[in-house]
1. Quick one: count up the residues across region A:87-112 that are in contact (Cβ under 8 Å) with a residue 60 or more places away in the chain, on the phi < 0 side of the Ramachandran plot and surrounded by 17 or more Cβ atoms within 10 Å (Cβ to Cβ).
2. Go through A:VAL164, A:VAL152 for me and flag whichever is more than 17 Å from A:VAL131 (Cβ to Cβ) and modelled with pLDDT of 85 or more.
3. Which condition number in (1) closer than 30 Å to A:ARG19 by Cβ; (2) at pLDDT 85 or above is the one that A:VAL209 fails?
4. So which residues in region B:232-256 are surrounded by fewer than 17 Cβ atoms within 10 Å (Cβ to Cβ) and more than 14 Å from B:VAL206 (Cβ to Cβ), if there are any at all?
5. A:ASN23 - would you say it is within 26 Å of B:LEU290 (Cβ to Cβ) and either part of a strand (DSSP E or B) or of a type in the set (S, T, N, Q) (or both)?
6. The conditions are (1) under 29 Å from B:VAL189 (Cβ atoms); (2) touching a strand residue (DSSP E or B) at 6+ places or on another chain (Cβ under 8 Å); (3) within 14 Å of chain A (Cβ to nearest Cβ), and B:ASN283 fails exactly one of them. Which is it?
7. Test each condition in (1) assigned to a helix (DSSP H, G or I); (2) more than 17 Å from A:ARG188 (Cβ to Cβ); (3) among the basic types (Lys, Arg); (4) facing chain B (nearest Cβ under 8 Å) for A:ARG105 and report the one that comes out false.
8. Restricting to region B:292-336, give me the number of residues that are away from every other protein chain (no Cβ under 14 Å) and either surrounded by fewer than 22 Cβ atoms within 10 Å (Cβ to Cβ) or within 15 Å of B:ALA89 (Cα to Cα) (or both).
Amino acid sequence: MASPLLEIRGISKSFGAVRVLDNVNFRVNAGEVTALIGDNGAGKSTLVKSIAGIHAVDSGSFHFDGQAVDIKGPRSAAALGIEVVYQDLALCENLDVVQNMYLGRELLAAGLLDKSTMEARARATLARLGVRTVKSVRQLVSSLSGGQRQTVAIARAVLWESRVVILDEPTAALGVAQTAQVLEVVRRLAAEGLGVVLISHNMNDVLAVSDRVSVMYLGRIAADLKVTADTSRETLVELITSGESAGYQADDPNRSERWPNNERNLSG
Amino acid sequence: MNEISADESGATDVATDFALDSQTRSLGQVFSDGIANIRGGELGLLPALLAIAVLVALFGWANPSTFLSVLNLSNLVEQASAIIVIAMAVSFTLLVGEIDLAAGFTAGVAAAVLATRLVAGWGLVTAVLLATLVALALGLFTGYMVAKVGIPSFVVTLANFLIFQGILLLFVKDGGTVRIENDLVKGMVGDSLPVGLSWVLALFGVALYAFFTVRRQRAAHGAIPLSLVALRITAVAGVAVVGTVLFNRNRALPKAEIEIRGMPVVIPLVLLIVFILTFVLDNTRWGRHLYAVGGNPEAARRAGINVAGIKLAAFTVCGLLAGIGGAFLASNVNSVSATTGGSQTLLLAVGAAVIGGTSLFGGKGRMINGLVGGLVLALIPNGLPLVGKRILPLFGTEIDFSSSGVKFIAFGSALMLAASVDALSRKTS
């Protein structure tokens, strides 16, 4: 396989005496959905914030496209093409879909807002993602459902030639139909060749859309596996709750020096 | 492997998904959308227009010959002009979710600077320049205290209310009045344009409105039906033509020796300010960011918008516009005193913006709201004295509608009512 789009080697991070990330290895492949799961406090959010440049790490390295990179802050993460869609979306309800998608990065023509170009591109991006339920891109966000808001937030993230999109619990507050809609958008992102990271507590969603799963347990990566037809919900739950599972054999990931070693195919 | 796979054939059917964007809508559909918006709490200008209709009917019924005269109409727009301009000033702070309680006295200080410099023999240009700079500086100071120091705008501007009033008192001395002798400043509110120029400006205004309405229709690709555009332009043209015809007739009282003809100067002046500000809000990045900061500051911050900078700019523009409003205030009475911009000025300005549909909660509002709301509030002191003393049928007591008591109650109630509509419409949406 080609080198991963984003690869994180051995990063550690402490808040005071608490070691939140302990020698974490994580990778995101282009065209794949990588699920990042783990119990509350396992370190998922800290890992994401480190990738997004919000937290500086104590040790370890980032590699993007095979090149060692330095993520100094949110701006350098964004410059690499890493976008995070946080759980609270951060949309302006008083603005419409186009205005939200281009917020802070509005296109100008002769110094004035280029409304028609922004509208056409916003519509094209939503169409590319297979968003079917937004009747008009000129609708105010306050009139959209939770699922529609989620897709707008995701579309905003991919509008900018992003390469890696990290989705923080995109389906947490959604009903069945809306969840299916958002998961379809997630699949499409991967089909477009982006590296997608899906953080979720819902094992059904994870199994439905992910190509690979990384499980965090107490600040470590407890397991890193490919999703196959045999991957069971129970295995994932055990990995989340105890950091190990009879259905998953791997070296202690803390002892493995090179992370690909702790990848095991469950069916194999 | 995946239950949900990327549907490759999706590209063709998604083209039809944004149904409302591609489809040409009829007048009826736009109308029913409007009703749906109103049900959803987006009342816009509706309450203000209703209030104008009710007040005009009420005062017109109470005293048709005086209230419904063209002379009174020109008085009304002249009385409304300063409220409207200061309402637009305050609107900039309301848009970003803040408030400026001292905008009235910013207007007063700017007016005092202008008046005292003219008395001191300065030229008009330099006096206006200094007054403008002072107004800008006051706004910048307020913005700095709110956005950079981080004091709630309510407290900053409450303190400024006293500070600016103190500055005004120092300028005009206790109980003093500074007269304005400059003809241009005096004529801003009160003079009328020549008959010919009234027509030229009226037609130019209609042409400008038509140009921008058609441009917006083109950009919207059928979402705005042509019939609606035609309707709007016809309505605006109708108001402009009828207004110009009425204003161009002599409206002086029968016994008066001098004729009064032509459109009041304040009408094109105020409309020009409304037009410029609306254009900036709708078409610049800065305008867009004002709405974003007012709608969701956290979202704006994450989108890379400098929230403090936007707020600082909003207060600075508020100061500048309030200063311009001060010139209108001074011109209306041809003098500046310790009460210029005081008493109810600020309440009326905030009231005008809110009655017109600008939200006190930030992120929602347009300049036209201040204009229509300002007319509503100008109608109250204009019409109430014409009602005079009436005996209330139910209680049998006599009430003097020309008294300040009734006027204050009416002002306060109007603001309270508008704020209630604003708060309740937030709950429904």
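The values are calculated or read from the model by the stated rules, or taken from the named source; none is laboratory data. Remember, it's a predicted structure, so these values are computed and weren't measured experimentally. With ideal geometry, Cβ positions are generated from the backbone for all residues, glycine too; neighbour counts draw on all protein chains shown.
1. Applying the first criterion (in contact (Cβ under 8 Å) with a residue 60 or more places away in the chain) to region A:87-112 yields A:87, A:89-91.
From what is left, the residues that are on the phi < 0 side of the Ramachandran plot are A:87, A:91.
The next check asks that each one be surrounded by 17 or more Cβ atoms within 10 Å (Cβ to Cβ); those that pass are A:91.
Residues meeting the conditions: 1.
2. Details: A:VAL152 fails: more than 17 Å from A:VAL131 (Cβ to Cβ).
Just a single option satisfies the conditions, and that option is A:VAL164.
3. A:VAL209 satisfies all of (1) closer than 30 Å to A:ARG19 by Cβ; (2) at pLDDT 85 or above except (1).
4. Pass one, region B:232-256, residues surrounded by fewer than 17 Cβ atoms within 10 Å (Cβ to Cβ): B:232, B:234-236, B:238-239, B:241-242, B:245-246, B:249-250, B:252-256.
Scanning region B:232-256 gives B:LEU246, B:ARG249, B:ASN250, B:ALA252, B:LEU253, B:PRO254, B:LYS255, B:ALA256.
5. Values: within 26 Å of B:LEU290 (Cβ to Cβ): no; either part of a strand (DSSP E or B) or of a type in the set (S, T, N, Q) (or both): yes.
Spelling it out, it is not the case that A:ASN23 is within 26 Å of B:LEU290 (Cβ to Cβ) and either part of a strand (DSSP E or B) or of a type in the set (S, T, N, Q) (or both).
6. Unmet condition: (1).
7. (1)
8. So the count comes out to 24.
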